[in-house]
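What follows draws every value from the coordinates through simple rules; no lab data is involved. Quick caveat, the model's predicted, so the values are computed rather than measured. As a convention, Cβ positions derive from the backbone with ideal geometry for all residues, glycine included, and neighbour counts pool all protein chains shown.
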DNA sequence: TTTGTCTATCGTAAGAAAACGATAAACTAA
DNA sequence: TTAGTTTATCGTTTTCTTACGATAGACAAA
């Protein structure tokens, strides 16, 4: 049996895992970095700076979009992408609510 | 060709992706949550509260340990685990240095 | 209209990940 | 010493992920 037993966990756990999964490939980190550094949407040009085939980059973009971390719109023959900062806020908030709040009291109570 | 082309990216990107990968499964989030809620190491008992086989939990624990997110010591026939908060700090720091610093200036400059 | 450009999708192949049962290893306790 | 407990590892199967080339679709420009 190899099917992922994700349904056995809480929605919060699944949600956080899902965000993390979207961030779990260096190509996707690189894409997000490129988008974050821009002051506007990027239409095209993302493929050029990555060491991957066009179809592979498109696939990574799709995953980031599905995870909600980026927004995409079509502009003629080109596609434009930008970061969805609200999704990042949500990720940070969920992450902190699970861990950071617990940190202070426990920091020195371990083996 | 399916081999991950991780070596084509920067160390920082790989590092962050690596952390995220460790967090990308709800079982591992659940494990970290359990460890975070305790005021001490947990020796045993982690398997009991998860809906997974003992060998599967052991595998997840190993991945978290390899990622540096938890520390493990052997105590007789039992194994004890606790969160490595420094690794969490490092993750947060890397995450912020890539994204949060860029956020303010760009928040309203997108399509 | 035809041609060129850009991006998404399809099909495919290889590797990684997730899950389990069975077993081995390490220690405790009888 | 022997039996029991706990956890790690091995072997295996199934599914997911990553990657590519090829192709199709959408639009712009000649």
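In table form, for the structure just shown:
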{"item": "Using a 7 Å Cα-to-Cβ projection, residue B:6 label spacings across copies, nm, ascending", "result": "2.0"}
{"item": "Alpha-carbon centroid distance for the pair the range A:40-105 / the range B:1-76, whole angstrom", "result": "24 Å"}
{"item": "Position residue B:52, label points 7 Å along Cα→Cβ, spacing to each other copy in nm (shortest first, one decimal)", "result": "2.5"}
{"item": "Exposure proxy order (Cβ contacts within 10 Å, fewest to most) of A:56, B:10", "result": "B:10, A:56"}
{"item": "Ascending count of other beta-carbon atoms within 10 Å, so fewest first, for A:50, A:64", "result": "A:50, A:64"}
{"item": "Cβ neighbours within 10 Å from other chains - mean over B:27-37", "result": "5"}
{"item": "Enclosed volume per residue, in Å³, of the convex hull spanned by Cα atoms of the range A:26-97", "result": "90 Å³"}
{"item": "FRET E, pair residue B:55, residue A:34, Förster distance 41 Å, beta-carbon r, rounded to 0.05", "result": "0.50"}
